[in-house]
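This report refers to the structure that appears directly beneath it.
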Amino acid sequence: MDLEKLLTDRLAPAFAAVAGGPVDPVVRRSQHADFQSDAPLALARRLGRPPRAIAAEVRDRAELADLCAAVEVSGPGFLNLTVADRALGDLVSALAADPRLGVPVVAGPETVVVDYSAPNVAKEMHVGHLRSTVIGDAAARLLEWLGHRVRRANHLGDWGTPFGMLIEHLVDLGEAEAAQELSMGDLDGFYTAARAKFDDDAAFRERSRLRVVALQGGDAATLRLWQLLVAQSESYFLTVYDLLDVTLSRTDFRGESSYHELLAPTVGELDRLGLLRRSDGAECVFPSGSVGRDGEPLPLIVRKSDGGYGYPATDLAALRHRTGTLGATRLLYVVGLPQRRHFEMVFATAAQAGWLAPPARAEHVGFGSILGPDGRMLRSRAGGAVKLVGLLTEAVERATALARERNPELGEAEAAEVGRAVGIGAVKYADLSSDRHKDYVLDWERMLSLDGNTAPYLQYAYSRIRSIFRRAGVAAARPDAAVEPVEPAERALAIELLGFPAVVDEVAGSLEFHHLAAYLHRVASAFSAFYERCPVLRAEGPARESRLVLCDVTARVLHQGLDLLGIRTPERL
């Protein structure tokens, strides 16, 4: 059903026969035909023949009679391919009959760990957590839909020296009052108050230090207080995830504390393997290939000079557990680009230790920052980090107001539901439709626009299709209806729809979700042109049934594609 792959597979033997070996036909969409092959141009120098002559011979050898209405040599040596209407219709019919829209379940599923979101206990989630959460959740959704065994890992910051002061502040407040304060979601206030006492009160600092020792030593009373902090924070995080409509649950929390008992064995194994070296009193690994600007080797500090373990030790222990105990073969770390060097060194160390050996591999799924209208890091009016709940609430409020304005007939409950789907969808799509390696500007007007490459535009296209079926009095197209794309707008839509399997396959490998977003936008744009030029319900007989199938498949592709991005598709907008 993947038309581009089908054409490639048909052309490859003909190119191989002409060239005397394998050749990539380089098939792509064209403005001059449905598709075009550029391969004769690259092959000409190698064979010492005119590219037009090569293209003509490939055309004569290729078995395309049942698939293409025309195969023409064009320009300096392009091969232009026009797909036959009947072949196009048959392929769309096959797509319509497939519940998975041409995307197969993977033959060899892997265990994939997706490490994402990672807020800190006793701190509120801010806009800096948005990209990791949204991109990571899209990766988990996509790979799970393809049939992989996905393990979500929300690597909470729930361990370390700050918890001494946090627990002592909890004791000062009293458990009941602290629990109430934390349950109201004012985690930042709790943390700030603890930090202020730590900075200003020497006695409090000493109590905090002793509390850290008690925590790390497994003191039962201290652990109970620590667990109270963690539980209240996790409950808050879950309310944010529910609002953001992501798939993270309580069972996915994997705090740094869960690897605490693995730190000593992990560092011990590095030592046994001869990878550990002392540098300025710290125990370090010097991964091969990691050098600084001065050309000197860079150390990965796994145990500090004071005997404490650093973040690299925790990351190495987690990686070793994921490949060794969980049997994961693909590890995804959805963390900002500034951490690129850190993960390069962690992965290199794990490879030298034998914990990351083929088929297992680890990938840093890096991303840029969210900027304000001034092009700088997005900040609140007070200059601090923008709280994530506030951002999401504003998105829902703006979208709900637009929904009521656009469709006054919506009831209160339906307007709220549409507002949430559109508002949260707009925030997610603004992120996922951007190249994740780059920064992007948070622009409410653009994000919530019904025009352009936005979630509301795609959601509106879906709801418009559903309204066609409501007016037709049917839930879906007839399963036995023949598809006969004859008009240019019908053909253009059909060709776009057939590209769904290829883009899903590509994004599953690259995790470049803006490619999926761009594809869905092309589908919605092709549908808009089709809707304007090809009447559906006013058409008669086979033409009406054919166009209903095109509408049905378009709606399914938009629904499935947006669902993979974690975005809802309201029936009415």
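The values are calculated or read from the model by the stated rules, or taken from the named source; none is laboratory data. Keep in mind the model is a prediction, meaning the values are calculated, not measured. Backbone-built Cβ (ideal geometry, glycine too); neighbour counts: all protein chains shown. Remember, those area values only see protein heavy atoms, side chains included, never the ligands or the DNA or RNA. Shrake-Rupley method; radii C 1.70, N 1.55, O 1.52, S 1.80 Å.
Please express the Cα-Cα pair-distance distribution P(r) of segment 191-306 as a list of whole percents, one per 10 Å bin, running from 0 to the bin with the greatest distance.
Binned Cα distances yield the sequence 10, 24, 27, 28, 10.
When only Cα pairs under 8 Å and 6 or more residues apart are kept, what is the percent relative contact order across the chain? Don't jump to the answer; show the numbers that get you there.
Working: 920 pairs, mean separation 86.4, N = 573.
For the chain, the relative contact order is 15 percent.
What order, most packed first, do the peptides 289-296, 18-25 have when packing is the mean number of other Cβ atoms within 10 Å of each residue?
Final packing ranking: 18-25, 289-296.
Largest first, please: the extent of the C-alpha atoms of segment 106-195 along each principal axis, to the nearest Å.
Ordered largest first, segment 106-195 gives principal extents of 57, 22, 21 Å.
When ranked by the protection proxy of mean other Cβ atoms within 10 Å per residue, highest first, what sequence do the peptides 546-552, 11-17, 217-223, 401-407 form?
Numbers: 546-552: 24.7, 11-17: 19.1, 217-223: 12.1, 401-407: 16.1.
Per-residue Cβ counts within 10 Å, averaged per peptide and sorted highest first, yield 546-552, 11-17, 401-407, 217-223.
Would you mind checking Lys5/Lys438; Lys387/Lys438; Lys123/Lys428; Lys387/Lys428 for any pair whose Cα atoms are more than 25 angstrom apart?
The answer is Lys5/Lys438.
For the chain, build the charge dipole from Cβ charges (+1 Lys, Arg; -1 Asp, Glu) around the Cα centre, then report which of Ala65, Pro297, Val504 sits farthest towards its positive end.
Ala65
For Ala543, what charge total do you get from the other residues with a beta carbon under 11 Å from its beta carbon, if Lys and Arg give +1 and Asp and Glu give -1?
Every neighbour counted, the sum reads -2.
Report, to the nearest 10°, how far helix 162-173 tilts away from the longest principal axis of the Cα atoms in the chain, using its own Cα long axis and a range of 0 to 90°.
70 degrees
Only Lys, Arg, Asp and Glu count, each charged at its Cβ (+1, +1, -1, -1), so figure out the dipole size of the chain about its Cα centre, rounded to 20 debye.
In total the dipole reaches around 860 debye.
Just the C-alpha atoms of segment 32-73: what Rg/Rh do they give, with Rh taken as the Kirkwood radius?
0.99
Provide Tyr429, Tyr191 ordered by accessible surface of protein heavy atoms (probe 1.4 Å), highest first.
Accessible-area ranking of Tyr429, Tyr191, largest first: Tyr191, Tyr429.
I'm a student and want to see the number: the projected area of the Cα convex hull of segment 463-525, averaged over all directions, in nm².
Computed as one quarter of the Cα hull surface, the answer is 5.5 nm².
Once Lys and Arg get +1 and Asp and Glu get -1 on their Cβ, which of Met345, Val335, Tyr311 lies farthest toward the positive end of the dipole of segment 286-380?
Highest projection toward the positive end goes to Val335.
With a 1.4 Å probe and all protein chains in place, put Asp451, Asp199, Asp443, Asp280 in order of accessible area, largest first.
Final ranking, largest accessible area leading: Asp280, Asp451, Asp199, Asp443.
Restricting the calculation to Cα positions, tell me the Rg (one decimal) and the Dmax (whole number) of segment 392-463 in Å.
Gyration radius and largest Cα-Cα distance of segment 392-463: 12.2, 42 Å.
To the nearest 10 degrees, how steeply does helix 513-533 sit against the main Cα axis of the chain, on a 0 to 90 scale?
Helix 513-533 sits roughly 40 degrees off the main axis of the chain.
Output the 0 to 90 degree angle, nearest 10, between the alpha-carbon long axis of helix 412-432 and the longest principal axis computed from the alpha carbons of the chain.
Tilt of helix 412-432: around 90 degrees.
Just reorder Ser463, Ser279 by solvent-accessible area, largest first, 1.4 Å probe, all chains present.
Working: Ser463 5, Ser279 35 Å².
Final ranking, largest accessible area leading: Ser279, Ser463.
Excluding residues on the same chain fewer than 8 positions from Lys304, give the aspartates and glutamates whose Cα lies under 14 Å from its Cα.
Within reach: Asp280, Glu283.
Rounding to the nearest 20 debye, state how big the charge dipole of segment 298-453 is about its Cα centre with +1 on each Lys and Arg Cβ and -1 on each Asp and Glu Cβ.
Charge dipole, segment 298-453, about its Cα centre: 860 debye, nearest 20.
Can you order the peptides 310-316, 192-198, 499-505 by their average number of other Cβ atoms within 10 Å per residue, highest first?
Result, highest mean first: 310-316, 499-505, 192-198.
Please name which of Gly452, Gly411, Pro22 has its Cα lying farthest along the dipole of the chain towards the positive end, using unit charges on Cβ (Lys, Arg +1; Asp, Glu -1) and the Cα centre as origin.
Pro22
Roughly how many debye, to the nearest 20, is the charge dipole of segment 157-232 about its Cα centre, given +1 on each Lys and Arg Cβ, -1 on each Asp and Glu Cβ, and no other charges?
280 debye
Can you pull the semi-axes for the chain, root of five times each eigenvalue of the Cα gyration tensor, sorted largest first, whole Å?
51, 33, 19
With each run of n ≥ 4 DSSP H residues scored as -39500 (n - 2.57), what mean residue ellipticity at 222 nm is computed for the chain after dividing by its residue count and rounding to the nearest 500 deg cm²/dmol? It would help to have the intermediate numbers written out before the result.
On the way: 21 runs with 310 residues, N = 573.
Computed mean residue ellipticity for the chain: -17500 deg cm²/dmol.
Take the Cα radius of gyration of segment 1-50 and divide it by 2.2 N^0.38 Å, with N its residue count; two decimals is plenty.
1.17
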